[in-house]
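Scroll down for the structure; my scribbles are underneath it.
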Amino acid sequence: MTATADRTLTILPAWNEAESIAAVIKELQHEIPGMDILVVDDCSGDATALVAREAGAKVVRLPYNLGVGGARRLGYRYAVEHGYEVAVQMDADGQHDPRYIRDMVLALNTADLVIGARFAGEGEYQVRGPRQWAMKLLSKALSAIARTRLTDTTSGFRACRGELINFYSRNFPVEYLGDTVDTIVQARRSGYVIRQVPVSMRPRQGGTPSASPVKSMIYLLRSGLALLLALVRR
Amino acid sequence: MRLIFVTATTGLIMLVGIFELLRRRQLREKYGALWLLVALAVLPLSFVPTLLDGLSSFLGIASGLSLFLFLSIAFLLAVAAHLSWESSRLEEETRSLSEEIALLRADVAELQELREGAKTP
């Protein structure tokens, strides 16, 4: 796999991101010229689709809101139907730095799924309390399942190639946390090789991260449930 | 006697109601058949509430009514689980359809652009 823009698609699920999406697209185009960018507009109420199209991205628009997992699955389906060999998924809020895409695509030489992970040396992202426990629990469990060290299993910054794109276009879990946890378990179980590449993430350009203790606790419980379901699922 | 009047009318209203829904094609046949069977099974019981007493004493349950309540709760739970399953499936189906629509619209937009490009060289 070469680090060229050929047959690579970057999937940006977007919901009401009209303010930040143009900048994200511009940065991607600057970083990897000629790469195709697909914005999956998850039925935004604002001008996300219009802004994205004007910035030069391909746009598919869902008729009603399906959530980020659903939007990503559509992205993978688009990649399959248009014959892309590599698919990169990232967030549209500017958290993910496109500088790392080259490294991630390069790492696909020895893996099917590459996760851009925080806590792996790069950057100084910090979380505390229940949310931290949840992330620890997930990364411990999933590292054991994937038989490789994974430090940031909920990262939405990923690259995958070939048959796995096809697999995700059919099986990408659409439930909350399933789209991050379940995808790893499913990929591993179907025999795909997973690797991580250290990245640093930037503060998001819009929106606020959920941080209250109650929300973090719910997050912990839901990750436990997601993990359990992922493990017992056929 | 008054109890029997209450149960019997309830049973009859249920039977007529379901039949009417089926007649107006508001219920899929599979559900309609199910509820008709239930209504038909409940009807004799609503006229003679002591009908189950023999079976319940055989099973070691104090009264026929307890057995009846137990069976109806178990049955309703099964129906609720079935409906959850059905709605999950429907959600998955509409999800696939909306994906399909999004992809088709993107294709149409692309074709339109191509056509407009060809018209104005």
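If R0 is 30 Å, what FRET efficiency do you get for B:Leu71 and B:Thr94 from their C-beta distance, rounded to 0.05?
Numbers: r = 35 Å, r/R0 = 1.15.
With a Förster radius of 30 Å, E is 0.30.
Could you tell me the calculated FRET efficiency between B:Arg105 and B:Met1, based on Cβ-Cβ distance and R0 = 51 angstrom, to the nearest 0.05?
Efficiency, from the Cβ-Cβ distance: 0.15.
Would you mind telling me which residue in A:Ser216, A:Ser20, A:Ser190 has the biggest mean-square fluctuation in a Gaussian network model of chain A, where springs connect alpha carbons within a distance under 10 angstrom?
Ranking A:Ser216, A:Ser20, A:Ser190 by mean-square fluctuation puts A:Ser190 first.
Near A:Lys136, which aspartates and glutamates are there with a Cα under 18 Å away, not counting those fewer than 8 places off in the same chain?
Within reach: A:Glu122, A:Glu124, A:Asp152, A:Asp179, A:Asp182.
GNM, chain A, Cα, under 10 Å: largest mean-square fluctuation among A:Asp93, A:Asp36, A:Asp46?
Looking only at A:Asp93, A:Asp36, A:Asp46, the biggest GNM fluctuation is shown by A:Asp46.
By how many degrees, between 0 and 90 and to the nearest 10, does the Cα long axis of helix B:29-47 differ from the longest principal axis of chain B?
Helix B:29-47 sits at roughly 10 degrees to that axis.
For a label point 7 Å from the Cα of A:Glu19 along Cα→C-beta, name the residues of the stretch A:44-82 whose backbone N is under 15 Å from it.
It comes to A:45-48, nothing else.
Report the local net charge at A:Asp46: Lys and Arg +1, Asp and Glu -1, summed over other residues whose C-beta lies under 11 Å from its C-beta.
-3
If each of B:Ser57 and B:Thr9 carries a label point 7 Å out from its Cα toward its Cβ, how far apart are those two points in nm?
Reported label-point gap for B:Ser57 and B:Thr9 is 3.2 nm.
Using a Gaussian network model of chain A whose springs link C-alpha atoms within less than 10 Å, name the residue from A:Ala47, A:Ala187, A:Ala117 with the highest mean-square fluctuation.
Maximum among the listed residues: A:Ala47.
So how do A:Asp97, A:Asp179, A:Asp112 line up by other beta-carbon neighbours within 10 Å, fewest first?
Ranked by crowding around the Cβ, least crowded first: A:Asp97, A:Asp112, A:Asp179.
For peptide A:62-71, what's the mean number of Cβ atoms from other chains within 10 Å of each residue's Cβ?
Rounded to a whole number, the mean comes out at 3.
So if I average 1/r over every pair of distinct C-alpha atoms in chain B and take the inverse, what Kirkwood radius in Å does that give?
For chain B, the Kirkwood estimate is 18.9 Å.
Residue by residue, what Karplus-based ³J(HN,Hα) values in Hz, rounded to whole numbers, does the stretch A:215-228 have, using 6.51, -1.76 and 1.60 with θ = phi - 60° and x for Gly and Pro?
4, 5, 5, 4, 4, 4, 4, 5, 5, x, 5, 4, 5, 4
For the stretch B:85-93, just list the computed ³J(HN,Hα) in residue order, Karplus coefficients 6.51, -1.76 and 1.60, θ = phi - 60°, integers in Hz, with x standing in for Gly and Pro.
Listing the rounded values in order: 4, 4, 6, 4, 5, 4, 4, 5, 5 Hz.
Calculate one ³J(HN,Hα) per residue across the stretch B:60-65 by plugging θ = phi - 60° into the Karplus curve 6.51 cos²θ - 1.76 cosθ + 1.60, and present them in order as whole Hz with x for glycine and proline.
Values, residue by residue: x, 9, 4, 9, x, 5 Hz.
Assigning unit charges at the beta carbon (Lys, Arg +1; Asp, Glu -1) and nothing else, what dipole magnitude in debye, to the nearest 20, does chain A show about its Cα centre?
1000 debye
Going by amide H atoms built from the backbone, whose H comes under 5 Å of the H on A:Gly116, apart from near neighbours?
Amide H neighbours of A:Gly116, under 5 Å, 5+ apart: A:Phe157, A:Arg158, A:Ala159, A:Val197.
Using label points projected 7 Å from each Cα along Cα→Cβ, tell me how many nm separate A:Leu225 and A:Glu163, to one decimal.
Computed distance between label sites A:Leu225 and A:Glu163 equals 3.4 nm.
List residues of the stretch B:60-90, by number, whose backbone nitrogen lies under 17 Å from a label position 7 Å along Cα→C-beta of B:Leu34.
B:71-90
Distance between Cα centroids, the stretch A:175-201 to the stretch A:1-72: provide it in whole Å.
First find each Cα centre; the distance between them is then 21 Å.
What is the mean number of Cβ atoms from other protein chains located within 10 Å of the Cβ atom of each residue in peptide B:84-96, rounded to a whole number?
Numbers: counts 0, 0, 0, 0, 0, 0, 0, 2, 1, 0, 3, 8, 4.
Other-chain Cβ atoms within 10 Å of each residue's Cβ, averaged: 1.
By a straight-distance test (C-alpha under 15 Å), which aspartates and glutamates pair with B:Lys119 as possible cross-link partners, with residues fewer than eight away in the same chain excluded?
B:Glu110
Read the figures in this text as sums done on the coordinates, not as results from a lab. All values reported here derive from a predicted model rather than from experimental measurement. Every residue, glycine as well, gets a Cβ built from its backbone with ideal geometry; the counts of neighbours run over all protein chains shown.
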